[in-house]
């Protein structure tokens, strides 16, 4: 059985493409949110991985999925706005 479960081949391709498009959109949107809030970051792997730096925090952030981890912690979390809150950013 393929990863699509009950989906036909064409349906699975469409479902997969929708997910890819959403992750691509998330990469752009999340980077823009960081820029709008004056948060510095380095771009790696064509935007798939951002290293966010703010007020002593260093965060590994994967904006396509929203997953991030503050370096030095052992907990992964999700969401760009949650990330901003965790690093003490003042939202614009």
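Being loosely packed, with under 11 Cβ neighbours inside 10 Å, within 21 Å of residue 22 (Cα to Cα) and either over 13 Å from the mean Cα position of the chain (by Cα) or modelled with pLDDT of 95 or more (or both) is the filter here; which residues of the stretch 38-61 pass it? Answer for the stretch 38-61, where residues must be loosely packed, with under 11 Cβ neighbours inside 10 Å, within 21 Å of residue 22 (Cα to Cα) and either over 13 Å from the mean Cα position of the chain (by Cα) or modelled with pLDDT of 95 or more (or both): just 45. Within the stretch 11-22, no residue that is in contact (Cβ under 8 Å) with a residue 40 or more places away in the chain sits with its Cβ atom under 8 Å from a residue that is surrounded by fewer than 11 Cβ atoms within 10 Å (Cβ to Cβ) at 6+ positions apart or across chains.
Within the set 52, 59, the sole residue that is without any contact (Cβ under 8 Å) to a residue 60 or more places away in the chain, closer than 12 Å to residue 89 by Cα and assigned to a strand (DSSP E or B) turns out to be 52.
Quickly run through the stretch 1-29 and pick out the residues that are surrounded by fewer than 12 Cβ atoms within 10 Å (Cβ to Cβ) and assigned to a loop (DSSP other than H, G, I, E, B). Within the stretch 1-29, 1, 2, 3, 5, 6, 8 meet the criteria.
Scanning the stretch 62-90 for residues that are under 9 Å from the mean Cα position of the chain (by Cα) and free of Cβ contacts under 8 Å to residues at least 40 places away in the same chain yields 62, 63, 67, 68, 78, 79. Taken together, the residues in the stretch 30-49 that are within 20 Å of residue 67 (Cβ to Cβ), in contact (Cβ under 8 Å) with a residue 12 or more places away in the chain and assigned to a helix (DSSP H, G or I) amount to 5.
The values are calculated or read from the model by the stated rules, or taken from the named source; none is laboratory data. Model, not experiment: these values are computed from the prediction. We place every Cβ from the backbone using ideal geometry, glycine too, and count neighbours over all the protein chains shown.
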